[in-house]
Structure formats: C-alpha cells, structure tokens
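The numbers here are math on the coordinates, done by the rules we state, and not lab data. Small disclaimer: the values here were computed from a predicted structure and weren't measured. Ideal geometry is used to build each Cβ from the backbone, glycine not excepted, and the neighbour counts take in all protein chains shown.
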Amino acid sequence: MTTTVIRVDPTHPDPAALAPAAQCLARGGLVAFPTETVYGLGAHALDPEAVMRLFAAKARPANDPVIVHLATLKDVVALVSWLPSVVTALAERFWPGPLTLVLPKSAAVPVQVTAGLDAVAVRIPAHPVAQALIRLAGVPVAAPSANLFSRPSPTLAAHVLEDLDGRIDLLVDGGATRVGVESTVLDLAHGVPTVLRWGAVSLEELRRVLPDARAGVNHARPASETAPQPAPGMLAKHYSPRTPLVLYEGAPDAVMRRLATDVEFEVSAGRRVGVVVADEDTVRAAPAGVRLVRLGPGHDSGAVAHELFAALRGLDIAGVDVIMVRGFPATDALGLAIQDRLRRAAVRIVTCEHDLTSP
Ligand code: TXA
Ligand code: MG
C-alpha cells in the first residue's frame with residue numbers, strides 16, 4: 001500500500017483538497033488527520049471491517065477501545081443508548097475541544113470500536129481540518145492516535161509517516177498540533193463521573209459543570225506493570241520511545257544534580273545519552289555523546305506539552321542509548337497529563353529528595 005499525503009491549510013482547509021480523504025473514509029479506508037491534541041488515524045466507525053483494519057495498521061491489541069470523533073452534538077445521539085442530561089452542559093462548555101466522554105453505547109456501535117465494553121467514547125474535535133473532514137465524510141470516525149501501538153502520539157505529519165507509511169491509505173498534513181497531548185477522558189457511563197485520562201481539560205473545570213466529577217483511582221501513581229488499570233487501554237507501558245527512558249522526579253535542583261551524575265556515568269561507560277530538561281535548567285557543560293533537548297519554561301505546561309512527544313521521537317531518531325527526562329510540575333491539567341505520559345513512557349522512575357511534582 002502507498003500512503004498518499006495531502007497538504008492542507010490548517011485553519012482554512014480547502015474542501016476540494018479534503019474530498020478524496022473524506023471519500024476514502026466513507027468507503028472504509030484509513031486516513032490520518034490532525035486534531036487539536038494529536039494526529040488521529042481515522043476509520044468509518046460503523047464499518048467493522050474498516051475498524052479491524054485500523055487496529056491491524058496500528059498493531060493495536062483488540063482489547064483497547066477507540067474514540068469515535070463526530071462533528072456535532074446531534075451526532076452523539078445515534079451512538080448512545082441514553083444521553084446523560086449533563087452532556088448538553090459539558091458540550092456547551094468543552095466542545096468542540098480536547099474532552100472525550102465515555103457514554104452508554106447503542107447497538108449501532110460495532111463491538112470492535114468499544115472492545116466489547118458497554119460504553120463508547122466520543123469526542124468533537126476543534127481542529128478545523130478534523131471538523132471539515134468529519135463533516136465531508138458524513139460518518140462517525142473512529143480515531144485512536146495515529147502511531148504504532150505504545151509509541152508516543154504524533155504531533156507532526158512526519159511522526160505519522162515514521163510509524164504508518166505504507167500501512168494507511170492517506171495522511172492529511174495540517175502542520176503541528178496545538179495541544180500536543182491527548183484529550184481528557186471522562187467516564188459518564190458508570191456511576192460517579194470519573195476522569196480516566198488527563199488532558200488539557202482539568203478536573204476543576206469539569207467540576208464547575210459536574211460538581212461530583214472525580215479523578216480516576218490511579219491518576220497520580222507511578223507506572224507499574226502489575227498495578228490494576230482503571231480502564232481497558234489505560235496500559236502502564238505507553239507513549240514510549242524505543243529508547244529506554246528514565247524519569248527523574250523531585251525538587252528541580254536535586255533532580256539536576258542526580259541527572260548530571262547519571263549522565264557522567266553513562267558517558268564514561270561509552271553510551272550516548274539524550275537529556276530532556278526545561279529552558280531554565282542549568283546543565284553542566286554537556287560532554288560529547290550527550291544530546292540536550294529543552295522543552296520550554298518548566299512551569300509553562302502548554303509549551304512543554306506541545307514539544308514533549310516530538311522530543312522523544314527526535315531522540316529515538318538521533319540513536320541515543322538512553323533518554324533521561326526531568327519531571328515537570330503537575331500543578332495544572334496539562335502538567336498532570338505530562339506527568340502521566342512520562343510515567344507511562346519510563347522504564348524507571350528515580351525520585352530525588354522530596355517530590356514536589358505530586359499534587
Ligand atoms: O486526543 C485524543 O483523544 C486523540 C485524538 C486523535 O482524538 N485520540 C486518542 O485515542 O488519544 P487513543 O485511542 O490513543 O486513546 C483512547 C483512550 C484510551 O486510553 C482508551 O482506553 C480510552 O480512550 N477509551 C476509548 N474508548 C473507551 C471506552 N469505551 N471506555 C473507556 N475508555 C475508553
Ligand atoms: Mg494512543
């Protein structure tokens with residue numbers, strides 16, 4: 001299979017340029033496209049064979065359900081067995097945008113989409129290209145992130161090609177995604193509204209509409225292979241570069257001291273090291289063999305989220321032997337999302353003195 005790339009204007013995509021992508025989706029093909037969070041890999045959500053091809057292209061296990069992307073709130077109705085009344089208020093406040101709602105599914109949703117669960121995840125993305133594409137296709141679009149399973153989500157079209165060139169029909173290139181980490185996932189199908197994954201929408205914001213919303217049980221715990229998962233698909237090992245990643249959490253000065261020692265050790269052992277830090281971090285004169293990446297000001301979670309996955313993919317390509325990352329403060333929604341993704345990407349978490357990154 002050859003993957004065709006269509007370049008479009010991210011803010012005013014030309015419908016004529018998008019038409020082949022929309023037709024491809026409607027006919028059961030696989031199309032990657034930008035959303036405001038990360039690139040998604042789309043398939044006709046009501047076509048079980050298209051959804052199975054989607055799982056195959058990503059090498060995604062069948063027990064990991066996917067999000068259905070829609071153009072308007074009206075489109076949700078056909079996919080759910082009942083619509084919790086709060087959805088209207090949530091939609092008014094957060095849609096289109098980086099919030100996914102898990103709702104009781106209707107019979108119209110194929111079991112492949114929900115991995116056999118009784119609920120379906122839906123989202124109305126804000127990106128003009130995603131909006132236009134879904135409208136033109138005229139079908140609900142199942143779209144996990146457009147990466148090979150367990151790798152960092154793509155925030156550039158080039159990342160999609162790294163993983164999926166030759167495995168999908170089409171890629172719509174709309175430039176860099178704005179947010180950089182995946183949507184907040186809120187479960188409304190199983191009693192107390194529960195956040196299953198952190199993204200740009202915070203618990204505080206959700207509580208203004210839904211006062212009893214709560215964080216998922218595992219939200220701030222370090223990744224571990226044995227820990228129970230809050231939901232299918234919330235796997236501990238995820239969002240990972242191919243290179244082993246070590247995460248350093250704690251007070252920034254303690255973290256930077258420990259990082260410097262570990263970098264020196266790795267370099268003296270002849271290994272190449274990738275180091276990921278904030279703009280303000282002082283890194284001792286980097287010896288040869290060290291590749292330094294700065295993500296932005298440490299407290300600017302928006303800047304850090306925007307750069308995070310690109311940095312991890314870049315260090316994979318640079319061919320380093322180990323990636324060392326400093327933890328970032330989890331003081332807002334994106335900070336929590338960054339902490340969560342880094343903990344899942346890490347093979348090891350080193351805690352340096354007292355931990356200031358925990359809420
Ligand atoms: O921002 C995003 O959400 C991106 C863009 C493309 O929209 N999509 C994305 O999809 O991150 P994916 O498949 O990589 O992650 C979907 C998450 C998984 O953690 C999955 O477990 C959860 O949503 N999910 C999907 N359907 C679910 C369901 N029926 N019940 C509970 N969780 C579900
Ligand atoms: Mg994903």
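Amide H contacts of residue 195: 187, 214, 215, 216, each under 5 Å away and 5 or more positions distant or on a separate chain (H built 1.01 Å from N in the peptide plane; Pro and chain starts excluded). Ranked by the mean number of other Cβ atoms within 10 Å of their residues, highest first, the peptides 43-55, 261-273, 86-98 come out as 43-55, 86-98, 261-273. Using unit Cβ charges (K, R positive; D, E negative) and no other charged atoms, how large, in debye to the nearest 20, is the dipole of region 74-187 about its Cα centre? The dipole magnitude comes to about 280 debye.
Using only DSSP helix segments of four residues or longer, with each worth -39500 (n - 2.57), what per-residue ellipticity at 222 nm results for the chain after dividing by its residue count and rounding to 500? Each step should come with its number before you reach the end.
Working: 10 runs with 109 residues, N = 359.
The per-residue figure over the chain is -9000 deg cm²/dmol.
The order of the peptides 339-346, 253-260 by mean Cβ neighbours within 10 Å, most packed first, is 339-346, 253-260.
Treating only the Cβ atoms of Lys and Arg (+1) and Asp and Glu (-1) as charged, compute the dipole magnitude of region 61-141 about its Cα centre; round to the nearest 20 debye. Don't skip to the end; give the middle numbers.
Working: 5 positive and 4 negative charges, 34 e Å.
Here region 61-141 has a charge dipole of around 160 debye.
How much net charge surrounds residue 11 when only the other residues with a Cβ under 12 Å from the Cβ of residue 11 are counted, with Lys and Arg +1 and Asp and Glu -1? Result for the local shell: -2. Comparing 175, 351, 1 along the charge dipole axis of the chain, the residue lying farthest to the positive side is 1, per the Cβ-charge model. Within the shell defined by Cβ-Cβ distances under 15 Å, the residues around residue 25 carry a net charge of -1, with Lys and Arg each +1 and Asp and Glu each -1. Of all the options 12, 306, 159, the one that moves most in a Gaussian network model of the chain with Cα springs shorter than 10 angstrom is 12. Of the residues 146, 304, 211, the one whose Cα sits farthest toward the positive end of the charge dipole of the chain, with +1 on the Cβ of Lys and Arg and -1 on the Cβ of Asp and Glu, is 146. Bridge orientation summary for the chain: considering DSSP beta bridges with both residues in this region, about 35 percent are antiparallel.
Each other residue within a Cβ distance under 13 Å of residue 214 adds +1 if Lys or Arg and -1 if Asp or Glu, for a net charge of -2. Screening the chain for whole DSSP H helices of 30 Å or more along their axis (Cα) with average Kyte-Doolittle hydropathy at least 0.0 returns none. Evaluated with a Cβ-only charge set (Lys, Arg +1; Asp, Glu -1), region 6-163 carries a dipole of roughly 80 debye about its Cα centre, given to the nearest 20.
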